[in-house]
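Take a look at this one; I'll ask things after.
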């Protein structure tokens, strides 16, 4: 039991002790997660909303594909991304393998379907006639879509929270695509796996604590914004 | 204002809307009535460019509506009110100003004007979520008129309102549309609402326009049994024209002969239609100008709208409408003998 207590104590000392390497890992974790969530929101919210609102052939199949994407195994995403980004792969020329950019790409592939699927579901809960009413009031398609999004902003924020949660805690894809290279692509999750494998449980617990705290703080912030909006409505 | 020709539109459900020709004039209040599932809302959606229909010709305000790239611009010349008012989660002011925002225009007093016109100035800063159903409808109407549209499409806009609120809103709507010469296309199942507002009435059933014309013509001179059924003609009797001269036809119905003013000719097989309110009843045989008199027996008395509906067996079944007061004064009840009469001009013949 002592090693758990030791781990907690070491964790606190790492958090407050100003360890430069730990801070670099935290910074990279935040950068990769926030940037990939932002990109996923930029792609997933319009995609989900448009699929929900527009009528087109094979719509049900497209919705099934999006929903399937919500449960994509991160390890498989990582593997596919690595194969595509590897030197002989179709995207090898980009040179993104074992870089934070490659990690962002993998996480965007994981988070976009989650955000798109939840946005789609939220938009479908809004009566389609609401969108049509906006069109008949003179809105262009994007104006109408924007007004609809504002109507379901609480659900969209929930989608953002879910998307962020799926990437900040993800390990398989970033491990494969990033390679867990020290000072380059090591993030909190990959560092925890590595320390655990090496038997450095105190370090693993410390990093785990940091990850939990970060996730908690960011979710508190997003939930606060969401609930503030809910109260004003 | 609207010209539509050779529309053949099919929904994914298999429902088909076939309209040979539809023309709605500027400043006209055009009401479309018909039973549920007749295609009224589908037609309105096509007029609002919300359905991808491909008629042979389609013009709104003199501009072709066939080219979908100009849909937004054309929609900005009209407003469409759904049966449920879809308001955004914001203040009443921002709801009414929404169409101006979509057009990139500033509010130069139009919102305040609409708040006054629809008598909701006191709601200006209230959240749309805090409004009653009647208030939501008024906000929705204000929003529809804030851009002074030349065409307003109304899809059963008052169906969820109580009679008092509905009457007040219809009165405001009539005043505003008449003043601005706004063209209005109204879809409704409520015939009284259609009569209160419409200059021209169209009856639609199973995706086909059955009859278009002035409301009084459609109600008194339905073109087919289906229209007669829908507009409340209760007595429809199959018969044959035995003689016709000077537009006065003698129609044999069973053992009875009835007189009807009509352009039918002798030998025509017809359906004789009489509206309940055209039939007068009395306890005694009175001499009057009506050409059709029958002695009969009341078979049933039922409440009907704000009046009572009598079924009278005169050798054929004749339906009459009487007020509550007449019913009480004459003490009418099933089994009573009674005299029924109606004018030759009050009946209408449909050729079969």
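Principal axis extents for the protein assembly as shown, Cα atoms only, whole Å, descending order, please.
Result, largest extent first: 115, 51, 51 Å.
Do you know the relative contact order of segment B:145-287, to the nearest whole percent, from alpha carbon pairs under 8 angstrom that are 6+ apart?
Relative CO of segment B:145-287 lands at 15 percent.
With axes computed from alpha carbons, what is the tilt in degrees of helix B:163-180 against the longest principal axis of chain B, rounded to the nearest 10 within 0 to 90?
Compared with the principal axis, the helix lies near 70 degrees.
In Å and whole numbers, how far do the C-alpha atoms of segment B:233-351 stretch along each principal axis, longest first?
42, 28, 21
For segment B:244-345, what does the relative contact order come out to in percent, with C-alpha contacts under 8 Å and a separation of six or more?
Worked out over segment B:244-345, it gives 32 percent.
Between A:89, A:69, A:140, which gets the highest mean-square fluctuation from a Gaussian network model of chain A, Cα cutoff 10 Å?
A:140
Would segment B:128-195 count as rounded, prolate or oblate if I go by the C-alpha gyration tensor, calling it rounded below 1.5 in a/c and otherwise prolate when a/b exceeds b/c, oblate otherwise?
Note, shape of segment B:128-195 comes out oblate.
Another question, if that's okay. Any idea what angle helix A:188-197 forms with the longest principal axis of chain A, computed on alpha-carbon atoms, 0 to 90 degrees, nearest 10?
The answer is roughly 40 degrees.
If you don't mind, another one. Report the normalised scattering of segment B:29-69 as log10 I(q)/I(0) at q = 0.21, 0.22, 0.25, 0.28 Å⁻¹, calculated by the Debye formula with identical scatterers on the alpha carbons.
Debye curve over Cα of segment B:29-69, log10 I(q)/I(0) at q = 0.21, 0.22, 0.25, 0.28 Å⁻¹: -0.74, -0.80, -0.94, -1.06.
Please find, in a Gaussian network model of chain B (springs between Cα atoms separated by less than 10 Å), the residue of B:166, B:324, B:40 whose mean-square fluctuation is greatest.
Among B:166, B:324, B:40, the largest GNM mean-square fluctuation belongs to B:324.
State the volume of the convex hull built on the alpha-carbon positions of segment A:69-189, expressed per residue in Å³ and rounded to an integer.
Each residue corresponds to 119 Å³ of Cα convex hull volume.
While we're looking at this one, here's another question. For segment B:79-175, just the Cα set please: Rg and Dmax, both in angstrom.
Using the Cα atoms of segment B:79-175, the pair Rg, Dmax is 12.3, 38 Å.
Something else now. Highest mean first, how do B:294-302, B:9-17 rank when packing is the count of other Cβ atoms within 10 Å averaged over residues?
Those peptides, ordered most packed to least, come out B:294-302, B:9-17.
Report for the protein assembly as shown the percent antiparallel among DSSP-assigned beta bridges with both residues inside it, nearest 5.
75 percent
What FRET efficiency comes out for the pair residue A:9/residue B:105, r = Cβ-Cβ distance, R0 = 60 Å, nearest 0.05?
Computed FRET efficiency for residue A:9 and residue B:105: 0.40.
Right, next: Relative contact order (percent) for segment A:2-232, with alpha-carbon contacts under 8 angstrom and 6 or more residues of separation?
Once divided by the residue count of segment A:2-232, the mean separation gives 32 percent.
Using alpha carbon coordinates only, what is the Rg to Rh ratio of segment A:2-232, with Rh defined as the Kirkwood radius?
In segment A:2-232, Rg relative to Rh is 1.05.
Report P(r) for segment B:2-224: all Cα-Cα distances, bin width 10 Å, range 0 to the bin holding the largest distance, values in whole percent.
All Cα pairs, binned at 10 Å, distribute as 8, 33, 36, 19, 4, 0 percent.
When DSSP assigns beta bridges and you keep just the ones with both residues in segment B:129-277, what percent turn out antiparallel, to the nearest 5?
80 percent
Every read-out reported here was derived from the displayed coordinates using simple, explicitly stated rules and does not represent laboratory data. Computed from a predicted structure; not experimentally measured. Quick reminder, even Gly has a Cβ in these numbers, built from the backbone with ideal geometry, and neighbours come from all protein chains shown.
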